[in-house]
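The values are calculated or read from the model by the stated rules, or taken from the named source; none is laboratory data. Values in this document were obtained by computation on a predicted structure and should not be read as measured data. Backbone-built Cβ (ideal geometry, glycine too); neighbour counts: all protein chains shown.
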Ligand SMILES: NC(=O)c1ccc[n+]([C@@H]2O[C@H](COP(=O)([O-])OP(=O)(O)OC[C@H]3O[C@@H](n4cnc5c(N)ncnc54)[C@H](OP(=O)(O)O)[C@@H]3O)[C@@H](O)[C@H]2O)c1
């Protein structure tokens, strides 16, 4: 099969090459999926799981990309809940070969059925950003209607999902980002916008939930704004600052079939819009995923025209 591989961590995304790799074999409880569209998170080159297996052994050449939409082509021993020919989407194991490939082996439980009226390209953009937003707001942030959410990076892939889901849940959403992000963050549903370079974060007042995708000083300043009983949720590594009277949580997104179903239903209803910046073929993926040319929003690699 054709796949994008990386072998050199120092080279980062620039070290990606398109090559031939052996087709994957399904392990216990796996399915093999023909990938129709694949998503990729630009920071993947910094994740240890891109370079090692779960025992910490070098796994290069490694295939990046961990979200997909496609069609099941084979079932491994013991796989249940999905069938050959079924449309699916979801999140693959961080430590295994990923989805920038024509085929991928993935545990069936990490995937959800994909309704026939949702495009593969749209579906491939949902698992990481959608599940991250869902789990940060509802599982870890325990968001309630009427609360105020400070959504950092509100024009980004995760931030646009956070903004829409929080607003739908009845929260007041204050988005942040760069000056150029204002219109997009407001278009995705933020009630207010803070330009992190030019506006004072402290002026937003107190908030119930901070959803942080940036870290550093932004996180430290935000922790001080959290009301008693509120929560700081970070998806950019261990929390660097804690609210004085609240919770601080950092987490890595997990596959969840029921949550994927909630997310895709909202897309079908028009309640959730995805944030795709560019779509490229696998042959053009190396250039499309290069951060120097990357467009705002998710870059989706479409493998089947
Ligand atoms: N833990 C997890 O499970 C998990 C899951 C998904 C993502 N993540 C992490 O979350 C982060 C965001 O991911 P993403 O896919 O949403 O990325 P993204 O699409 O690039 O969105 C990030 C947004 O934040 C903005 N931003 C970043 N630094 C900023 C700053 N200092 N001031 C103002 N705006 C700033 C970016 O603007 P520019 O594009 O102009 O920089 C962009 O609009 C990444 O670090 C990713 O690795 C973690």
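The table below lists the values:
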| item | result |
| --- | --- |
| Residue identified as assigned by TED's automatic domain parsing to the domain that holds residue 297, at pLDDT 95 or above, within 20 Å of residue 256 (Cα to Cα) and surrounded by fewer than 21 Cβ atoms within 10 Å (Cβ to Cβ) among 57, 21, 34, 109 | 109 |
| Number of positions in region 281-298 that are assigned to a strand (DSSP E or B) and farther than 17 Å from residue 89 by Cβ | 1 |
| Subset of region 193-217 (residues that are within 15 Å of the ligand (Cβ to nearest atom) and within 26 Å of residue 271 (Cβ to Cβ)) | 193, 194, 204, 210, 211, 212, 213 |
| Counted residues, region 142-162 - those being farther than 13 Å from residue 181 by Cα and not in a loop (DSSP other than H, G, I, E, B) | 6 |
| Test set (1) farther than 16 Å from residue 130 by Cα; (2) without any contact (Cβ under 8 Å) to a residue 60 or more places away in the chain; (3) within 16 Å of the ligand (Cβ to nearest atom); (4) crowded, with 18+ Cβ neighbours inside 10 Å - residue 226 fails condition number | (3) |
| Residue in region 176-191 that is part of a helix (DSSP H, G or I), outside the structural domain of residue 39 (by TED's automatic domain parsing) and away from the ligand (no atom under 14 Å from the Cβ) present | no |
| Test: residue in region 46-54 that is in contact (Cβ under 8 Å) with a residue 60 or more places away in the chain, out of contact with any strand residue (DSSP E or B) (no Cβ under 8 Å at 6 or more places or on another chain) and within 16 Å of the ligand (Cβ to nearest atom) | no |
| The one condition in (1) within 11 Å of the ligand (Cβ to nearest atom); (2) out of contact with any strand residue (DSSP E or B) (no Cβ under 7 Å at 6 or more places or on another chain) that residue 153 fails to fulfil | (2) |
| Residue list for region 132-141, restricted to those being assigned to a helix (DSSP H, G or I), more than 10 Å from the ligand (Cβ to nearest atom) and in contact with a strand residue (DSSP E or B) (Cβ under 6 Å, 6 or more places away or on another chain) | 140 |
